[in-house]
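Here's the structure we're looking at; comments come further down.
The values are calculated or read from the model by the stated rules, or taken from the named source; none is laboratory data. As the structure is a prediction and not an experimental result, all values here were calculated from the model. Here the Cβ positions follow ideal geometry from the backbone for every residue, glycine too, while neighbour counts run over all protein chains shown. Keep in mind that these areas ignore ligands, DNA and RNA; they rest on the heavy atoms of the full protein, side chains included. Shrake-Rupley method; radii C 1.70, N 1.55, O 1.52, S 1.80 Å.
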Amino acid sequence: MNPRVQRYLVAIEYIGTRFSGSQQQAKDRTVVGVLQEAFRKFVGQPVKILCSSRTDAGVHALSNVCHIDVERISKRKPGEVLPPHEPGVVQRAVNHFLQRNDGDVMVTDVRSVPSNYHARYKARERTYFYRLLSGSDPLSILEKDRAWHVPEELDLRSMQEACRILVGSHDFTSFRAAGCQAKSPVRCLDEFNVIEVPSTPYFPSIMERAESILNNGDDPLTYPSQTKTETASDSTNFGETFGIRRRHRCYVVTARARGFLYHQVRLLVGALKCVGTGELTVSDIERILEAKTVSAAKPMAPASGLYLARVKYELP
């Protein structure tokens, strides 16, 4: 512990498409590598960043958390140690340099913490979201690399039934990658469910806007998504539908636990998708779970639909 050094807990969001994962690598572009470079430009010296959760290439984060030690040295008088920067100053300054470097990482929060506070080991809980878009049409370019496109219709009720089997404490050997280095395959899924939500980006139709006005200004974004994908034939007026994309049905899987095995969430979602399309039954999920072998699960879901949503702490 160096009393001249201030440790910061830093929350970040990022689009993972152009990163080779979060952890620093010698040659490839990573989240930590880009963040360390922004901090180096800010403080004028190299820094080391440790993340609470590793994310693979292509995986996004609504909120990942890391810690960093900074010794504030005067740039005018080298060797003179100055009082630590306020967290708000750190956030604004680092974001300034991040936005000059492709802008696919942003600092969303900064907190000063004791020098022994560790972003990984102090984490109490982690939540992941996974987005699936179901529909026969190609994805919009606005959704490129942001979701898993499933052309088939998905049986939501069967998927929810499969989720109930997987919630709780289990040996998840069948749902971890061969390279997993965890000492134990037992994990407790505090939450695992799937719901249907409005497609994103979502903008209300003329009908929804009119209904919103009639319903005293209710927000149309709170309306449940349509049970069937819109088609051009739904309207007899071709002029009203020309150039309007058909909507995909959007499903979000939530997985919440203290910690996860390597590729566990993507393997679980891969099996869940197969239940939704009828390739697997709910009984098959029970069989795969009980098999306790790495090769039992179906191919895992692609990285593009996975989002680290939140890392929960008890802050000092």
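What the table shows:
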| read-out | value |
| --- | --- |
| Dipole-positive endmost among HIS67, ILE195, LEU154 within the chain (Cβ charges, Cα centre) | HIS67 |
| Local electrostatic count, CYS250, Cβ distance below 9 Å [Lys/Arg +1, Asp/Glu -1] | +2 |
| Tail beyond 27 Å, pair distance distribution of the chain (Cα, percent) | 53 percent |
| Dipole of the chain, positive end: most advanced residue of LEU139, ALA210, PRO302 [Cβ charges, Cα centre] | PRO302 |
| Length released on extending from ARG120 to LEU139, taking residue separation times 0.36 nm less the Cα-Cα span | 3.3 nm |
| Computed lengthening from ARG29 to VAL186, 0.36 nm per intervening residue step minus Cα-Cα distance | 53.3 nm |
| Within a Gaussian network of the chain (alpha carbon springs, distance under 10 Å), most fluctuating of ILE206, ILE12, ILE288 | ILE206 |
| Lys, Arg +1 and Asp, Glu -1 on Cβ, resulting dipole of the chain about Cα centre, debye, nearest 20 | 1760 debye |
| Computed lengthening from LEU82 to THR254, 0.36 nm per intervening residue step minus Cα-Cα distance | 57.5 nm |
| Local electrostatic count at GLU290 - Lys and Arg +1, Asp and Glu -1, tallied over other residues with Cβ under 14 Å | -1 |
| Helix-only [θ]222 nm of the chain, DSSP H runs n ≥ 4, -39500 (n - 2.57) each, per residue, nearest 500 | -7000 deg cm²/dmol |
| Distance (nanometres) between label positions extended 7 Å along Cα→Cβ at ARG40 and GLU290 | 5.5 nm |
| Cα-derived Rg to Rh of segment 255-302, Kirkwood definition | 0.95 |
| Using distinct alpha-carbon pairs, which all enter the 1/r mean, Kirkwood radius of segment 80-146 in Å | 16.4 Å |
| Reciprocal mean inverse distance between Cα atoms of segment 3-116 - Kirkwood radius, Å | 14.3 Å |
| Among 18-25, 74-81, the order from most to least packed when residues are scored by Cβ within 10 Å on average | 18-25, 74-81 |
| Solvent exposure, largest accessible area first (probe 1.4 Å, DNA, RNA and ligands not counted), of GLU13, GLU86 | GLU86, GLU13 |
| Exceeding the 23 Å Cα-Cα cut-off - candidates LYS27/LYS122; LYS27/LYS77; LYS48/LYS122; LYS27/LYS75; LYS122/LYS273 | LYS27/LYS122; LYS27/LYS77; LYS27/LYS75; LYS122/LYS273 |
